[in-house]
1. For the chain, what is the charge dipole size about the Cα centre, in debye to the nearest 20, if Lys and Arg each add +1 at the Cβ and Asp and Glu each add -1 at the Cβ?
2. Can you match Kirkwood radius over Cα pairs in Å to one of these, [x] 13.5; [y] 12.3; [z] 12.9, based on a calculation from the structure here?
3. Normalising by the residue count of the chain, find the relative contact order in percent from Cα pairs under 8 Å and 6+ residues apart.
4. Okay, helix-only estimate at 222 nm for the chain: each DSSP H run of n ≥ 4 adds -39500 (n - 2.57), divide by all residues, round to 500 deg cm²/dmol; what do you get?
Amino acid sequence: MPAVDQTVYEALARHLSLPLAELVRRQDEDLGALGLDSHGLMRVLLDVEKALQLPESLELADAALATPATLLAGVRAVAGPT
């Protein structure tokens, strides 16, 4: 798994209290339905920014905040697939 993917999924799994493998299986489910509220999403984004050492804050479109898969795609678009 590429580093960006690992970082995003680990941050989500930690904040959702889900095993990583389960989160990956449920990557197309709505983040709200998985239990992530706006505060949790903000913490996930901050964790990802810090872990990936991004030079600026992640500014993602609302569509990128729908599911784990769309969040990952949004982060990849900003950080690259490394």
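1. Rounded to the nearest 20 debye, it is 200 debye.
2. [y]
3. Contact order relative to length: 44 percent.
4. Values: 5 runs with 51 residues, N = 82.
Counting only the DSSP helices, I get -18500 deg cm²/dmol.
A short reminder: the numbers here are calculations on the coordinates, not readings from a lab. Everything quoted here is computed from the prediction, not taken from an experiment. All Cβ positions, even for glycine, are placed from backbone atoms using ideal geometry, and neighbour counts span all protein chains on display.
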